[in-house]
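The values are calculated or read from the model by the stated rules, or taken from the named source; none is laboratory data. Not measured: the values here are computed from a predicted model. Every residue, glycine as well, gets a Cβ built from its backbone with ideal geometry; the counts of neighbours run over all protein chains shown. These accessible areas exclude ligands, DNA and RNA; they are computed on the full protein's heavy atoms, side chains included. Shrake-Rupley method; radii C 1.70, N 1.55, O 1.52, S 1.80 Å.
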Amino acid sequence: MALGSATHLVFEQIDLSEPVNSKTVATTLSRLVETSQLTEVLAAAVDTAAIVSFFDSELGQLAQRTGSDVLREWPFTYGLDASAVGAQSGGEVVVLQGIIDMVIPTEDGLVIVDFKTDRLAEAEVNERVEKYTPQIRSYATAAADILKQPVTTAWLYFLTPQKTVEVSLL
């Protein structure tokens, strides 16, 4: 397992019923090691501070308030018109499969969060946001249609440099 997958596993498994702090992350990592889902070496490499930083943010606080209703590592399969992805012929369907890291239901609709474990300098973030925007827009379209709720916002959280960026859905 790679470090990015290990980090996503922590986000998926962390207990949202209590405040997320370094102790909560450590408890989650210990449990994942005890259940052989992570090695000790990989658990030690997970950036605990970046995970805590996310949950300290407004977006992370929203996830904690929503608790068990948050969908984490939510897999989906969705058929969309091929013209939506640039195909010239009409009537064909493209099957989109993915895993949305976090879907937070709110009164106004869905909030999508995608965690990125790329090790970036602050100056590289905007370029990566442009790279990931089509993926996040596709995820938003699929989530809205499958879950029958509008997606109000979508976010990328870069663990390094601990930066959250809203993705335009337009």
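In the stretch 20-46, what residues are touching a Phe, Trp or Tyr at 6+ places or on another chain (Cβ under 8 Å) and among the charged types (D, E, K, R)?
Passing the criteria: none in range.
Considering only the stretch 68-159, give the strands (runs of 3 or more DSSP E) lying wholly within it that have at least 1 residues that are farther than 19 Å from PHE11 by Cα and among the hydrophobic types (A, V, I, L, M, F, W, C).
71-81, 93-105
Which of the numbered conditions does SER138 fail, given that it passes all the others? Conditions: (1) out of contact with any Ser or Thr (no Cβ under 9 Å at 6 or more places or on another chain); (2) closer than 17 Å to GLY4 by Cα.
Of the numbered conditions (1) out of contact with any Ser or Thr (no Cβ under 9 Å at 6 or more places or on another chain); (2) closer than 17 Å to GLY4 by Cα, the odd one out for SER138 is (2).
Surrounded by fewer than 16 Cβ atoms within 10 Å (Cβ to Cβ) and closer than 22 Å to VAL111 by Cβ: which single residue out of ARG65, ARG72 fits that description?
Selected residue: ARG65, the only one of ARG65, ARG72 that is surrounded by fewer than 16 Cβ atoms within 10 Å (Cβ to Cβ) and closer than 22 Å to VAL111 by Cβ.
Pairs needed: first member in the stretch 145-170, more than 14 Å from ALA123 (Cα to Cα); second member anywhere, in a loop (DSSP other than H, G, I, E, B) and open to solvent by less than 30 Å² (accessible area, probe 1.4 Å); C-beta distance under 7 Å; at least 6 residues apart or different chains.
GLN149/GLY109; PRO150/GLY109; VAL151/GLY109; THR152/GLY109
From the set of residues in the stretch 2-60 that are in a loop (DSSP other than H, G, I, E, B) and small (Gly, Ala, Ser), which is nearest to the chain's Cα centre (by Cα)?
If we take residues in the stretch 2-60 being in a loop (DSSP other than H, G, I, E, B) and small (Gly, Ala, Ser), then SER57 is nearest to the chain's Cα centre (by Cα).
Select from the stretch 102-137 the residues that are in contact (Cβ under 8 Å) with a residue 60 or more places away in the chain and open to solvent by 10 Å² or more (accessible area, probe 1.4 Å) and list them in ascending order.
Selection gives THR117 alone.
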